[in-house]
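Encoded as structure tokens, the structure appears first; notes follow it.
Read-outs throughout are calculated quantities, based only on the coordinates presented, and are distinct from any laboratory measurement. For clarity, every value in this text was computed on a predicted model and none was experimentally measured. Neighbour counts are summed over all protein chains in view; Cβ atoms, including those assigned to glycine, are modelled from backbone coordinates with ideal geometry.
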Amino acid sequence: MIALDEIHRFALLRLVILRATLAMLPIVCVGQANDSEIERQLVAAAIERTHHQVRYDGTYRTIDYPNGDVPDALGVCTDLVIRSYRKIGIDLQQLVHEDMLRNFALYPQHWGLQHPDSNIDHRRVPNLQVFFRRHGETLSRDLNSLSYQPGDIVTWMLPGNLPHIGIVVSEFAKHSTRRLVAHNIGRGPQIEDMLFDYAITGHYRYDGLQPR
């Protein structure tokens, strides 16, 4: 017959082995893999946009709907974001337009419009801010560089009260924990160290879920 203390020692040994085994297993959270994959794809799409020659031009144009776009050689800061999301199958033109059809009063009213306009609404930074606040995750606007992760959307106010928007990428600024940003501030799509150069007005994460 096995002594009681020997049984206890055997049980303790099994517990130690079990804990060691569990410690080596990857930790998986529900939804984490999909979110990480979406962010990875968005960053890759934003980086790819920087390989295009784009003249900064925000002229109003009539475009197709859905999946409409101005000529690829033209665009503004919002077009980099729109094209990056569209590359991974998320059409902000349609999503913003449908949300504005249902909730027009929640969006900025200083455009002089009486109803949504699918040609231009999604190309305006303040409209994207409202959309991301409503259907994405609103994150901290602090000056802690570690708060800004790849795939995050950031908006700024430039001198002259000009709204701006870009996508945080994976690369870091030299000798810094500050990540670089893919954006078009007038010189075409670029990746630059400019995260804290201007006043941050919004910080979001959006995975493309349908509007509520």
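Things to note:
- Nitroxide proxy distance, nm - points 7 Å out along Cα→Cβ at SER170 and THR201: 3.1
- Modelled spin labels at ASP142 and SER36, positioned 7 Å past Cα toward Cβ, are 2.4 nm from each other.
- Put a dot 7 Å past the Cα of ASP69, heading toward its Cβ, do the same for ASP57, and the two dots end up 1.5 nm apart.
- Ranked by the mean number of other Cβ atoms within 10 Å per residue, highest first, peptides 139-151, 86-98 order as 86-98, 139-151.
- Environment charge at ASP197 (Cβ cut-off 15 Å; Lys +1, Arg +1, Asp -1, Glu -1): +2
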